[in-house]
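J.: What follows is a structure written as structure tokens; I'll ask about it next.
The values are calculated or read from the model by the stated rules, or taken from the named source; none is laboratory data. Since the model is a prediction, treat every value here as computed from it, not as a measurement. Cβ sites come from the backbone with ideal geometry, for glycine too, and all protein chains shown count toward neighbours.
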Amino acid sequence: EESYDEECDYLFKAVLIGDSAVGKSNLLSRFSRDEFRLDSKPTIGVDFAYRNVRVADKTIKAQIWDTAGQERFRAITSSYYRGALGALLIYDITRRTTFENIKKWLSELRDFSSPDTVIVLVGNKSDLRQSREVEEEEGKTFAESEGLYFLETSALENQNVEEAFLSMIGRIHEVLT
Ligand code: GDP
Ligand code: MG
């Protein structure tokens, strides 16, 4: 268990974005506490979690913000995006609409955040192979066209979750130093 008060060299804020039920909260709980819930409740308001990560001899405290997915339809508080150095833009590979909505999330993100914000596109639920509606290649092609990093993950099977967060955090560190 990492101590909350452990010394850190940097504090990074990053945000999770994407439609409801794509798996934002489970990706965060997997990354921060190695927990997964099949019956997870919709997130109310804004939640966040911390994890300390070692990058190039430095300790980075990553503060990851999570919110409910419906917020695109209300006035999103700019405070959610304010100061975010990174974002995971998440869709569900078994629901095509969540992938189509990525364009809207991306444009909102670009409106509210700084041009240096590191963005990773994440296709979650890669374990549900039989129900796939978005091919990995499509995610990859879209990410390349927008200059984003891309990964498919499974919060359930703990596939690529570390990689998704750590690639974002590592890249933020590179941009800042
Ligand atoms: P959020 O609304 O984006 O925060 O989504 P949640 O994290 O609450 O997850 C919504 C539902 O999808 C829950 O029933 C989760 O158990 C499920 N879920 C999340 N990630 C995965 C995954 O990687 N694989 C599978 N099979 N289910 C997942
Ligand atoms: Mg949630």
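J.: Pick from the range 99-131 the residues that are of a type in the set (A, V, I, L, M, F, W, C) and in a strand (DSSP E or B): which of them is nearest to ligand 2 (Cβ to nearest atom)?
T.: As a first pass, look at the range 99-131 and keep what is of a type in the set (A, V, I, L, M, F, W, C): 99, 102, 105-106, 109, 112, 118-122, 128.
Still in the list and also in a strand (DSSP E or B): 118-122.
Working: V118: 22, I119: 19, V120: 18, L121: 18, V122: 14 Å.
The residue in question is V122.
J.: Considering only residues that are within 29 Å of S107 (Cβ to Cβ), polar (S, T, N, Q) and modelled with pLDDT of 90 or more, which ones fall in the range 26-83?
T.: Answer for the range 26-83, where residues must be within 29 Å of S107 (Cβ to Cβ), polar (S, T, N, Q) and modelled with pLDDT of 90 or more: N26, S29, S32, Q63.
J.: Now a separate question. Name the residue, out of S145, S114, S131, that is surrounded by fewer than 17 Cβ atoms within 10 Å (Cβ to Cβ), hydroxyl-bearing (S, T, Y) and closer than 14 Å to A14 by Cα.
T.: Unique residue meeting the criteria: S114.
J.: Moving on. Sort out which residues of the range 132-148 are farther than 16 Å from S167 by Cβ and assigned to a loop (DSSP other than H, G, I, E, B), and write them in order of number.
T.: Within the range 132-148, R132, E133, V134, E135 meet the criteria.
J.: Would a scan of the range 95-109 turn up a residue that is on the phi > 0 side of the Ramachandran plot and touching a strand residue (DSSP E or B) at 6+ places or on another chain (Cβ under 8 Å)? Before the answer, list the steps.
T.: Going residue by residue through the range 95-109, those that are on the phi > 0 side of the Ramachandran plot are none.
No; the residues of the range 95-109 include none that is on the phi > 0 side of the Ramachandran plot and touching a strand residue (DSSP E or B) at 6+ places or on another chain (Cβ under 8 Å).
J.: Among the residues of the range 22-36, write down those that are surrounded by fewer than 17 Cβ atoms within 10 Å (Cβ to Cβ) and touching a residue at least 60 places away in the same chain (Cβ under 8 Å).
T.: Answer for the range 22-36, where residues must be surrounded by fewer than 17 Cβ atoms within 10 Å (Cβ to Cβ) and touching a residue at least 60 places away in the same chain (Cβ under 8 Å): just D34.
J.: Right, next: Could you tell me which of the residues L28, L16 is assigned to a strand (DSSP E or B) and within 13 Å of the chain's Cα centre (by Cα)?
T.: Working: L28 fails: assigned to a strand (DSSP E or B).
Residue meeting the stated conditions: L16.
Quick grid of which residues meet (1) over 19 Å from N52 (Cα atoms); (2) not hydroxyl-bearing (S, T, Y):
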residue	(1), (2)
V118	no, yes
R129	yes, yes
V134	yes, yes
F142	yes, yes
S145	yes, no
E162	no, yes
F165	no, yes
G170	no, yes
L176	no, yes
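J.: Right, something else. Answer yes or no: is there a residue in the range 92-104 that is closer than 19 Å to S20 by Cβ, hydrophobic (A, V, I, L, M, F, W, C) and under 12 Å from the mean Cα position of the chain (by Cα). Let's see the steps before the verdict.
T.: Narrowing the range 92-104 to residues closer than 19 Å to S20 by Cβ: 92-104.
From the residues that got through so far, the ones that are hydrophobic (A, V, I, L, M, F, W, C) too are 93, 99, 102.
In the following step, the residues that additionally are under 12 Å from the mean Cα position of the chain (by Cα) were identified as none.
No: zero hits.
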